[in-house]
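One structure is given here, and the rest of the page talks about it.
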Amino acid sequence: MVLSLEDKPLPEVVTSKAGPVLGDDGLMASRVPFYFVDVFATAPLTGNPLSLVPDADGLDEAQMRAIAREFNQSETTFVLRTSLPNATVRLRSFTPAGAEVGGAGHNALGAWLWMEAAGRLASPAAGRSLRQEIAGQVLPVEVVRKAGQPAVVWMDQSPPVFGDVAGDRARLAVCLGLGEQDLLAEDAQVVSTGAGHLLVPARDREAVDRAMPDPARLVPALQQVGAEGCYLYSPDLQSGSRHRRGPRDGNRCRAARRQAGRRGQGPR
C-alpha cells in the first residue's frame with residue numbers, strides 16, 4: 001500500500017476566545033487542516049481515497065458530520081485523543097450522509113498510513129504493535145516498516161456478526177442490473193465486522209463484472225435488511241482469490257453506499 005498526501009488547509013480567519021468571527025470574505029469560518037490519503041494505491045490519485053482530519057478534538061460531532069458531507073468522500077476519518085485505556089489513538093469516521101462507520105477498513109488504514117508518514121508514531125522500528133479505539137472497542141494494529149519500502153498496516157477486525165437475509169433473489173438481481181439466473185441459490189446475508197454489508201453470491205466472475213447496480217432500487221433493498229452497502233462476489237476461483245465488487249468499485253456502487261448510509265452505522 002502506497003500513501004500520497006495533499007495538505008489543503010482552509011483559508012485562515014481571525015478567531016478569538018469567544019469562538020470564530022467573520023473572515024475577510026464575510027463568512028463565519030475556522031481553519032481546519034486536512035489531508036487526502038490514497039489507500040490500496042501504488043501511485044497518487046489511484047486506489048481508495050480517504051479524507052483525513054488530524055487533531056480533531058476541537059470539533060464536535062455535528063461539525064464532523066458537516067465536514068464529511070462537504071468532502072463527499074466515501075468516508076472521512078477524524079483523529080482524536082483516546083477515551084479508553086490502552087489505546088494509542090481514537091478514530092471516528094463518517095459518510096457524507098452523516099452515518100458513523102464503526103468498522104476498521106480503509107478509513108482506519110488510511111489514518112495509520114498518514115500517522116506513519118507524518119512521523120506521528122513513536123518509533124520507525126518494524127514490528128511495532130499499537131491499538132486503535134473505534135466505536136467503543138480497542139483493536140490491535142501492527143505497522144511494519146522496512147528500509148526502502150512503504151509502510152504496511154495490519155489490523156484486527158471485530159468478530160463478524162451475521163444479520164438479516166435478503167430473500168427476494170429476483171428483486172435483488174434487478175437492483176444489481178442482473179438476471180435472477182446470475183445469482184446463486186444460497187441466501188444473500190448482511191455480515192458485519194463494524195459496518196453491515198449485504199454479501200451477495202453470484203454464479204461466476206462474468207456476472208460480477210457485468211453487474212450495473214441501480215442506486216434507486218438498491219438503496220431501499222439495503223435499508224430493508226439494515227445494510228450500509230453491498231458486496232457482490234463469486235466463489236469462481238481464479239489465481240487463488242475470490243472475485244468481488246463492492247461499494248468503491250464504480251460510481252453507482254459508491255452512490256448506493258452513501259444513500260444507504262442515511263439509515264445509520266452498520267457492520268463492516
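Taking the inverse of the average 1/r across all pairs of different Cα atoms in the stretch 91-218, what Kirkwood radius in Å do you get?
So the Kirkwood estimate lands at 17.3 Å.
When ranked by the protection proxy of mean other Cβ atoms within 10 Å per residue, highest first, what sequence do the peptides 53-61, 32-40 form?
32-40, 53-61
Output ³J(HN,Hα) for the stretch 91-102: one whole-Hz value per residue in order, computed from phi by the Karplus curve 6.51 cos²θ - 1.76 cosθ + 1.60 with θ = phi - 60°, and x for Gly and Pro.
For the stretch 91-102, the Karplus curve yields 10, 10, 10, 9, 8, x, 7, x, 7, 7, 9, x Hz.
Amide H of G196: which non-local residues (sequence gap of 5 or more, or other chain) have their own amide H closer than 5 Å, using H built in the peptide plane?
Amide H neighbours of G196, under 5 Å, 5+ apart: E228, G266, R268.
Round to the nearest 0.05 the FRET efficiency obtained for R217 and A43 when R0 = 35 Å and r is the Cβ-Cβ distance.
The pair R217/A43 has a calculated efficiency of 0.50.
So, by mean Cβ neighbours within 10 angstrom, what's the order for 132-141, 148-157, 75-84 with the highest one leading?
Put in order of decreasing packing, that is 75-84, 132-141, 148-157.
Between the alpha-carbon centers of the stretch 45-111 and the stretch 115-178, tell me the distance in whole angstrom.
If we compute the Cα centre of each part, the gap is 13 Å.
Mind listing the long-range amide H neighbours of T82? Cut-off is under 5 Å, sequence gap 5 or more, other chains count too, H placed in the peptide plane at 1.01 Å from N.
For T82, whose amide H was placed from the backbone, the distant partners under 5 Å are R90.
Sort the following peptides by mean Cβ neighbour count (other Cβ atoms within 10 Å, averaged over residues), highest first: 190-196, 160-166.
The peptides rank, most packed first, as 190-196, 160-166.
Taking R0 as 45 Å, what's the FRET efficiency between V174 and R81 from their Cβ-Cβ distance, rounded to 0.05?
0.45
Every number in this text was worked out from the coordinates using simple rules, so none of it is lab data. The model shown is predicted, which means the values in this text are computed figures rather than measured ones. Backbone-built Cβ (ideal geometry, glycine too); neighbour counts: all protein chains shown.
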